[in-house]
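> Sharing a structure, written as structure tokens. Questions coming.
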Amino acid sequence: MAEVDRTFASPPRRPLVAAVVLVVLALVAFLGIADVQPPSPRPATIAAGEFSAARAFEHVQRIGQEVHVTGSPAADRVREYIVATLTGYGLRPEVQDTVGVNAGKFGSGSMAHVRNVVAVLPGTASTGQVALMAHYDSVQVSYGANDDGAGSSTLLEVARALTQGGAAKPRNDVVFVFTDAEEACLCGAEAFVSRHPLGQKPSVVLNFEARGSSGPAVMFQTSAGNADLIDVYARTPRPVGTSLAVEVYRLLSNDTDFTPVLAQTRFTGLNTAYIDGSSVYHSPMDRPSTMDRASLQHHGDEALALTREFGRADLPPLMKPAAGDAVYFPFAGLLVRYPAALTWPLAILALLAVAALVFLARRRGLTSVPRTLSGLGLALVPLVGAAVAAQLLWALLVAIRPGYGELLDPARPTWLRFGVVALSAAIVLCWYSFSRRKVGPVPLATGALTLLALLGILFAAAIPGGSYLVALPALFGALAGIGALYARPALAKVGILTAGAAVSTLILAPTVALFFPALGLATGAAAAMLAMLLGLAGLPVLEPLFRAPTAPRHRRLGAAPALGALVLAVVCTTTGMVVGSWDAGHPEPTHLMYALDKDTGTAEWVSLERSPGEWTSRYVHGHQRLNRQFPVLPEGELSVGPAQAADLAAPKATVLSDETAGDRRTLHLHIASQRDVRFLSFYGPVGDHRVVSATVEGREAVTYITAQDRFGVVFNGPSAAGLDVTLVLTGAGAFPLRLVDGSDGLTALPGFTPRPATVGVFGSHSSELLAVATTQTL
Ligand SMILES: [Zn+2]
């Protein structure tokens, strides 16, 4: 009596078939991921009209030579270099010297003295303006070679290619905007869009950033109604972007110059960054030597291609939002795109296709509705399991090497990423070998596809740009399943199922590869779940890995694939930990700052490390809230320890005039630091002494910080001469003004011992901050 086949395809020589199928799919995954890798950097000898990473890297070396925070002499030198380089290309750059304001950044009213460099390449028959934007300042402890030396150097090399490249000049105006004070408060971009004449014109804005040192240039953010822009973007040589990224970006805390741009409806645009190698982000390791020049080439290829495309286009329609968004994603070297209006129809179609598969498979007695529903419920187990396992693995790695706890991703994460994928594979294989015996292979597969289709509906409602990621694998999985039901012989069935799985692989594998750097191993659950979605979409092709339920020793051998994957996970993770040990080139990140209260004559060492590591523990051993005393420090409990009070002068306010009219008191102040500082800040209480309006260096400041329930201004890059401030207050009587200034670098402080070579500085906006505070009653 012949045994009834309970699978979609039960080919002869199952292990061999399984091996061939897995090799084919691994190859497909490899090709899909290879398509979203940056191109090889091109030498300086290529044609003048092309973008050369080698040429652009010379700018990177100059820009990333020293820390160049806003307002510093080093920033002046970078700006002078940019001006000189543009002038050398026959452009006439000008410096916009003004004050920028950002109401929202860091829960304070942030301002900065900014000096943007702006240069125009006038169009030959202009229909509008394309603005290329990148910031030239670095964060306070970083050399900023990548962030954003990469963007600045890209703009310079594009300017060269357009002016010296020999080809016809663009029809439309091209504006190069090198912004200042992005790191401090996005204030350069704000000043450009609010105060520069060219910032008042409708434009297509292209912003270039780096949140790491390597990886592809990912176009991750667009203006609303992006369909027309995506059509242009798809014509670039190697588009790497997905509409899902726009959704993911909203979950991240990063901000760029694109934020103030998008706040204005006269702009449309695209925002691109390379984001892998994020361990160097904002840290002293962000140097030219850490930059992957392939990423620079990718930035440049895209920037130049987009500038040429927008440069020749009829711009007015592109400077307005299109009727809708596009759904887009990389697929086999192409950028697949379709209108977002198709999201719901595709999600519903996928669900119908899965329903049809269940109906047809049920007629053959391969599944039933209840058993498919069991499969659906069971499919949640590996999906949740992969997420939990990835986070537990990370917790284990952090326990072994505590410095990882400060990072999104370790410096050398590749082996660990493979470890997470292998762990996900072990989970799905283990789960499958158990469940197939209980509910059968087909109900598991149809249940998993039902889960994907339902997620497609859920995503269509919640994150439409990401619905394709589950709806399309569900659709193609269902179509392949239907094909397999009707095909003969068994090998043809396997071929059809493999083709379906290959489509899912081409959709999901590049996204897994992009998710690992985007959210890091610290949020490894995200990539692990995506990898698991791929596993669930491909269950029918996993089946030949296992023996038929009637075969001898099928139970014992059923554990073999999962064990194999588990061994692989252990090997990859162990290798990752061994190659990832701290050394001088990849030091352990530590965070320390120093806060001196001149009123009490006391000082504290302060760290943002939640559980301070070995080096930081020398300075901090308790916890304390310091935000009231030092409003520039974050709220909540901070790690602190007593420090010796250094002989440093506090900032000082001088009353120039003090007039009261009715219930309004107007204080005209001169506020200055008495040392060389990066920022100068001042705060006042609310209540009786509410600040009605505040003008700082001629610009209106934000008068109330909701998050902190007080008035405050952080002014970045103040001149040594100090600030001209006018406060209008309600209420009479003494007004306590809290003054805090901040400089960078702890080495001169009493009691500070320099770090050994394998201990480094964590990339943040407050690392190595030295703050001095006092209260003056006015
Ligand atoms: Zn940046």
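The values are calculated or read from the model by the stated rules, or taken from the named source; none is laboratory data. This one's a predicted model, so the numbers in the text were calculated from it and none came from an experiment. Glycine gets a Cβ as well: all are built from the backbone with ideal geometry, and neighbour counts include every protein chain shown.
> Output the residues belonging to segment 154-186 that are outside any loop (DSSP other than H, G, I, E, B), within 13 Å of the ligand (Cβ to nearest atom) and not charged (D, E, K, R).
Selection gives Thr154, Phe178, Thr179, Ala184, Cys185.
> Can you name the residue in segment 696-711 that is at pLDDT below 80 and either part of a loop (DSSP other than H, G, I, E, B) or in contact with a His (Cβ under 9 Å, 6 or more places away or on another chain) (or both) and, of all such residues, is surrounded by the most Cβ atoms within 10 Å (Cβ to Cβ)?
Only one residue fits best here, namely Val702.
> Any residue that is in contact with a helix residue (DSSP H, G or I) (Cβ under 7 Å, 6 or more places away or on another chain), surrounded by 19 or more Cβ atoms within 10 Å (Cβ to Cβ) and farther than 22 Å from Ala513 by Cα - is there at least one of those in segment 332-344?
Scanning segment 332-344, I find at least one residue that is in contact with a helix residue (DSSP H, G or I) (Cβ under 7 Å, 6 or more places away or on another chain), surrounded by 19 or more Cβ atoms within 10 Å (Cβ to Cβ) and farther than 22 Å from Ala513 by Cα, so the answer is yes.
> Just checking, does segment 518-529 include any residue being out of contact with any Phe, Trp or Tyr (no Cβ under 7 Å at 6 or more places or on another chain), closer than 20 Å to Thr414 by Cβ and outside any helix (DSSP H, G or I)?
yes
> Further, regarding this structure: Search segment 37-54 for residues that are over 14 Å from Thr163 (Cβ atoms) and pair each with any residue that is of a type in the set (Lys, Arg) and loosely packed, with under 13 Cβ neighbours inside 10 Å when their beta-carbon atoms are under 9 Å apart and the residues are at least 6 apart or on different chains.
none
> For segment 187-205, enumerate the residues that are out of contact with any strand residue (DSSP E or B) (no Cβ under 6 Å at 6 or more places or on another chain) and either within 14 Å of the ligand (Cβ to nearest atom) or in a strand (DSSP E or B) (or both).
Scanning segment 187-205 gives no hits.
> Can you tell me how many residues within segment 17-69 are closer than 26 Å to Gly333 by Cα, aliphatic (A, V, I, L, M) and not in a helix (DSSP H, G or I)?
3
> Under 6 Å between Cβ atoms, at least 6 apart or on separate chains: pull out the pairs that start in segment 254-268 with a residue that is farther than 29 Å from Leu408 by Cβ and end on any residue that is surrounded by fewer than 21 Cβ atoms within 10 Å (Cβ to Cβ).
Qualifying pairs under 6 Å: Arg266/Pro202.
> I'm checking my understanding of the structure. Among residues of segment 302-323 that are part of a helix (DSSP H, G or I) and farther than 28 Å from Ser40 by Cα, which one is nearest to the chain's Cα centre (by Cα)?
Looking at the filtered set, the residue picked out is Leu318.
> Just a yes or no: is a residue in segment 206-228 over 26 Å from Gly520 (Cβ atoms), charged (D, E, K, R), touching a Gly at 6+ places or on another chain (Cβ under 9 Å) and touching a residue at least 60 places away in the same chain (Cβ under 8 Å)?
no
> His282 is checked against (1) more than 15 Å from the ligand (Cβ to nearest atom); (2) assigned to a loop (DSSP other than H, G, I, E, B) and fails just one. What number does that condition carry?
Only one criterion in (1) more than 15 Å from the ligand (Cβ to nearest atom); (2) assigned to a loop (DSSP other than H, G, I, E, B) is unmet by His282, namely (1).
> Select, from Ala757, Ala734, Ala721, Ala771, the only residue that is touching a residue at least 24 places away in the same chain (Cβ under 8 Å) and part of a strand (DSSP E or B).
Step by step, each of Ala757, Ala734, Ala721, Ala771 is checked, and only Ala771 is touching a residue at least 24 places away in the same chain (Cβ under 8 Å) and part of a strand (DSSP E or B).
> Additional query: If only one of Ala395, Ala379, Ala422 is part of a helix (DSSP H, G or I), over 30 Å from Val759 (Cα atoms) and within 25 Å of the chain's Cα centre (by Cα), which one is it?
Working: Ala395 fails: over 30 Å from Val759 (Cα atoms); Ala379 fails: within 25 Å of the chain's Cα centre (by Cα).
After ruling out the rest, the residue left standing is Ala422.
> Which condition from (1) closer than 20 Å to Asn271 by Cα; (2) at pLDDT below 95 is the one that Ser138 breaks?
Ser138 satisfies all of (1) closer than 20 Å to Asn271 by Cα; (2) at pLDDT below 95 except (2).
> Continuing with this model, one more query. Return the total of residues in segment 194-211 being over 17 Å from the mean Cα position of the chain (by Cα) and buried (at least 24 other Cβ atoms within 10 Å of the Cβ).
The qualifying residues number 4.
> When the residues of segment 718-736 are filtered to those that are touching a Gly at 6+ places or on another chain (Cβ under 9 Å) and closer than 30 Å to Pro73 by Cα, which remaining residue is surrounded by the fewest Cβ atoms within 10 Å (Cβ to Cβ)?
That would be Ser719.
> While we're here: Return the residues of segment 458-483 that are surrounded by 24 or more Cβ atoms within 10 Å (Cβ to Cβ) and more than 19 Å from Ala527 (Cβ to Cβ); say none if nothing qualifies.
Correct list: Ala471, Ala474, Leu475, Gly477, Ala478, Ala480, Gly481.
> To continue, here is another question. Going by what's in this entry, would Asp292 be described as away from the ligand (no atom under 16 Å from the Cβ) and farther than 22 Å from Leu449 by Cα?
Criteria met by Asp292.
This table checks each residue for (1) within 16 Å of the ligand (Cβ to nearest atom); (2) in a helix (DSSP H, G or I); (3) hydrophobic (A, V, I, L, M, F, W, C).
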{"position": "Asn207", "(1), (2), (3)": "yes, no, no"}
{"position": "Phe220", "(1), (2), (3)": "yes, no, yes"}
{"position": "Thr236", "(1), (2), (3)": "no, no, no"}
{"position": "Thr259", "(1), (2), (3)": "yes, yes, no"}
{"position": "Ile275", "(1), (2), (3)": "yes, no, yes"}
{"position": "Asp286", "(1), (2), (3)": "yes, no, no"}
{"position": "Gln297", "(1), (2), (3)": "no, yes, no"}
